[in-house]
Amino acid sequence: MKKHLTSLLVGCMAGATVQAGALVDLSAEASRPVANDMVRASVYSEASGKNPAELAQRVNADIAEALKLIRAKAGVSVKSGQQATYPVYSQAQKIDGWRMRSELVLESRSQGSVSELLGKLQQMRLAVGNVNLLPSPETRRQVEDEATREAIRAF
C-alpha cells in the first residue's frame, strides 16, 4: 500500500511538471481571539409634539447638557449619532404631530466610567439606545498583526 501511494505521488508530480504555465494556489491562515476592551454606548433624547421648532429646541437642549457632562469625564469620547425628525400620523392618515430624536455615541476603554455616565444621563431624561463591548482599534490592529505573522510563518 505504501508503494502504491508513492507511485501515485510521483505520477502526480510528473504530470504537474509537464503542464507549462500551470497555476499553483498556496494559502495559509491563522486566527486569534480578541479581547473586548472597549465599550460603545448610544444615548438619545426624543420628544413628540405639534411644533417641530419647539421639539428641536427641547431635544437640542438635552443634547447640549449631556455633552457638557460627557466631555467633563476623562477617557470618554463622544460623537454625534443619528438625528431624525418625522411626522406622527393620526388614524385618518393625516399628520397629527412630530417626533424628533437626536443621538450621542460614547466610547471608552473604561466600562466603569461609561456605566456611571449612563446612570447620570438617564437622570437627565436621555435614554440608552444600546451598549456594546468590542475590541479597541489598537487591540484589533495588534491581534491582526500577530495573526498575520503567524500565517506567514505557517506558509
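General observations
- Crossing angle, helix 52-71 versus the chain [Cα axis fit, 0-90 degrees, rounded to tens]: 60
- Placing a label point 7 Å from the Cα of Q111 along the Cα-to-Cβ line, the residues of region 37-56 whose backbone N sits under 19 Å from it are 37-43.
- Taking 0.36 nm per residue of separation and subtracting the current Cα-Cα distance, fully stretching the chain between E138 and A53 would add 26.4 nm.
- Mean separation of Cα contacts under 8 Å, 6 or more apart, over the residue count of the chain: relative contact order %: 35
- A full extension of the chain between S31 and T148 corresponds to an added length of 41.3 nm, given 0.36 nm per residue minus the alpha carbon distance.
- Total charge dipole magnitude, the chain, about the Cα centre, Cβ charges on Lys, Arg, Asp, Glu only, Debye to nearest 20: 140
- Over all distinct Cα-Cα pairs of the chain, the Kirkwood formula returns a hydrodynamic radius of 20.7 Å.
- Rounded percent of accessible protein surface that carbon and sulfur make up, the chain, 1.4 Å probe: 53
- Cα→Cβ-extended label distance, 7 Å offset, between A22 and K94, nm: 8.0
The values are calculated or read from the model by the stated rules, or taken from the named source; none is laboratory data. In this text the structure is predicted, and so the values were computed from the model without any measurement. In this analysis, Cβ positions are derived from the backbone assuming ideal geometry, glycine residues included, and neighbour counts consider all displayed protein chains. Remember, those area values only see protein heavy atoms, side chains included, never the ligands or the DNA or RNA. Shrake-Rupley method; radii C 1.70, N 1.55, O 1.52, S 1.80 Å.
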